[in-house]
Amino acid sequence: MFNNRIRTAALAGAIAISTAASGVAIPAFAQETNPTFNITNGFNDADGSTIQPVGPVNHTEETLRDLTDSTGAYLEEFQNGTVEEIVEAYLQVQASADGFDPSEQAAYEAFEAARARASQELAASAETITKTRESVAYALKVDQEATAAFEAYRNTLRDAAISINPDGSINPDTSINLLIDAANAANRTDRAEIEDYAHLYTQTDIALETPQLAYAFQDLKALQAEVDADFEWLGEFGIDQEDGNYVQRYHLPAVEALKAEVDARVAAIEPLRADSIAKNLEAQKSDVLVRQLFLERATAQRDTLRVVEAIFATAARYVELYESDENVNVEGDTLRNHYVALLPTLFGAAFFNIDILDDADEAAELYYLHWNTDLGTNNEDLAYAEEKREFALLTYAKVFINGIWQEEVKYVQNLDDGARAEAARVEAERLADEAYRAEQLRIAQEAADAQKAIADALAKEAENGNNSSDDKETGSSDIGSWGPFAAIAAIIAAIAAIFPFLSGIVKF
């Protein structure tokens with residue numbers, strides 16, 4: 001349908017590759033900024049990178065238009081607006097209640113808010129893609145059902161048409177025609193009432209497509225009506241009143257056989273015709289090619305939003321690193337310079353994806369109510385298959401082209417993560433060293449306290465010893481002879497008191 005799309009993608013891809021040769025890249029940030037979304041093997045729902053199995057759901061073309069228009073309203077200023085308009089909208093120049101704040105912190109918050117909004121739009125776009133795929137699946141399903149029902153009806157009617165054809169060389173099954181001939185041969189009347197019907201199906205090579213199929217069915221119904229009329233005429237009580245209208249006894253069974261055959265054919269065809277009409281009416285309510293164009297538009301919006309989100313995330317991180325201790329030197333440059341170096345490639349990637357989005361927008365708008373997408377029948381399998389093939393080629397080409405900026409951004413993110421991990425390691429070592437020093441001070445203090453306790457115990461015992469000598473001189477008692485043992489017991493008690501401290505030293 002749009003033969004220049006792959007060529008445009010290839011050209012834009014070459015430009016993107018040459019632009020990115022200086023080295024930078026960014027994946028969608030939804031995984032980091034929207035952790036509640038399902039993440040599977042590195043792919044996540046929020047940026048539309050996970051597989052989403054879908055079934056047929058009839059989201060109408062109007063619904064798809066409104067969903068993609070909503071995202072389109074957000075992206076319009078990126079597609080058509082000026083840099084000044086974008087800055088004013090996303091840095092909230094006019095919305096500042098207390099005047100424009102020129103601080104770096106205010107700029108960071110503005111960029112971060114813009115990044116969060118882009119992430120929301122990206123998540124919504126991913127959901128739109130899923131709904132659009134459901135819608136395409138539904139339109140394709142009802143088209144295929146209508147085609148199958150039509151072919152069943154057509155083939156059964158064609159068999160009836162061939163059976164009435166008087167040229168037996170085309171198909172030996174000419175049962176109705178033979179029955180017509182048999183009825184006429186058995187009749188002594190002028191045979192006009194039945195004989196004339198053989199000419200209705202003389203062209204068996206007719207395509208029997210719409211609308212010819214409807215005419216063929218009308219002819220068969222006309223034959224049935226005429227046979228019914230003849231059969232009723234044969235039942236008139238006075239049918240044999242004239243020589244010219246004399247009916248032989250062999251004629252009525254022949255007409256009965258003809259009527260039974262025609263009625264059986266009509267009875268077999270009518271439900272197939274009703275089913276074909278019902279399913280075709282349903283298929284007429286949707287256009288799989290229009291819905292496919294909305295899928296292509298939604299996908300182009302998603303790819304553009306990924307870049308927009310990456311631009312705001314990069315800008316926010318760049319400003320966040322202003323005077324930050326995290327702005328360390330990595331691979332010969334500061335982290336800030338690594339981030340700001342991403343922006344030229346990201347802007348190039350944005351132009352590339354916006355160019356494809358512009359084409360998708362135009363196609364969706366042009367063919368939304370355009371007769372060219374409504375084929376002559378509802379059998380749109382071939383046209384849809386070709387459109388899907390072109391879309392798949394473009395999609396896979398964009399995976400590799402957009403992979404350039406994504407990998408460059410991921411490289412800088414990895415540098416940032418590595419710097420943060422190193423800073424965390426250094427901080428952990430510092431805290432461990434402080435804890436070790438504090439523990440050593442505690443141990444030393446407990447040892448000093450223990451030594452003081454022993455000294456106090458010895459001093460007290462010495463004092464008790466002197467008092468015992470005085471008692472011996474007066475001859476009051478022999479208890480003083482136990483003095484040295486009491487001193488030893490006091491020391492043991494002091495050591496027992498500091499035993500937990502000693503245990504602590506051993507464990508340490």
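Among the residues making up the stretch 378-431, those that are of a type in the set (Lys, Arg) and touching an Asp or Glu at 6+ places or on another chain (Cβ under 9 Å) are Lys398, Arg420.
Looking at the stretch 42-57, which of its residues are surrounded by fewer than 17 Cβ atoms within 10 Å (Cβ to Cβ) and either in contact with a Lys or Arg (Cβ under 7 Å, 6 or more places away or on another chain) or in contact (Cβ under 8 Å) with a residue 60 or more places away in the chain (or both)? Within the stretch 42-57, Gln52, Val54, Gly55, Pro56, Val57 meet the criteria. Considered as a group, the residues in the stretch 220-239 that are open to solvent by 50 Å² or more (accessible area, probe 1.4 Å) and touching a residue at least 40 places away in the same chain (Cβ under 8 Å) include one that is farthest from Ala264 (Cα to Cα), and that residue is Trp233. Right, Ala424: open to solvent by less than 100 Å² (accessible area, probe 1.4 Å), over 30 Å from Ser324 (Cβ atoms) and either at pLDDT 75 or above or under 60 Å from the mean Cα position of the chain (by Cα) (or both) or not? Judged against the criteria, Ala424 is not a match. For the stretch 278-299, a tally of residues being assigned to a helix (DSSP H, G or I) and exposed (fewer than 15 other Cβ atoms within 10 Å of the Cβ) returns 2. Every test in (1) surrounded by 15 or more Cβ atoms within 10 Å (Cβ to Cβ); (2) modelled with pLDDT of 90 or more is passed by Thr60 save one, and that test is (1). Within the stretch 304-324, the set of residues being surrounded by fewer than 23 Cβ atoms within 10 Å (Cβ to Cβ) and small (Gly, Ala, Ser) comprises Ala316, Ser324. Just one residue in the set Asp47, Asp66 is closer than 18 Å to Arg302 by Cα, of a type in the set (Asp, Glu) and at pLDDT 90 or above; that residue is Asp66.
What do you reckon, is Ala260 open to solvent by less than 70 Å² (accessible area, probe 1.4 Å), within 18 Å of Leu179 (Cα to Cα), at pLDDT below 85 and among the hydrophobic types (A, V, I, L, M, F, W, C)? Against the criterion (open to solvent by less than 70 Å² (accessible area, probe 1.4 Å), within 18 Å of Leu179 (Cα to Cα), at pLDDT below 85 and among the hydrophobic types (A, V, I, L, M, F, W, C)), Ala260 does not qualify.
Using the structure shown, decide if Asp381 is at pLDDT below 95, of a type in the set (Asp, Glu) and open to solvent by less than 50 Å² (accessible area, probe 1.4 Å). Against the criterion (at pLDDT below 95, of a type in the set (Asp, Glu) and open to solvent by less than 50 Å² (accessible area, probe 1.4 Å)), Asp381 does not qualify.
Candidates are the residues of the stretch 267-277 that are aliphatic (A, V, I, L, M) and crowded, with 17+ Cβ neighbours inside 10 Å; the one that is modelled with the lowest pLDDT is Ile269.
A quick yes/no check of all residues on (1) aliphatic (A, V, I, L, M); (2) modelled with pLDDT of 50 or more; (3) within 18 Å of Arg154 (Cα to Cα):
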site	(1), (2), (3)
Thr174	no, yes, yes
Asp181	no, yes, no
His199	no, no, no
Phe217	no, yes, yes
Phe231	no, yes, no
Ile239	yes, yes, no
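The values are calculated or read from the model by the stated rules, or taken from the named source; none is laboratory data. As the structure is a prediction and not an experimental result, all values here were calculated from the model. All Cβ positions, glycine included, derive from the backbone under ideal geometry; neighbour counts span all protein chains shown. Only protein heavy atoms, including side chains, enter the accessible area calculation; ligands, DNA and RNA are left aside. Shrake-Rupley method; radii C 1.70, N 1.55, O 1.52, S 1.80 Å.
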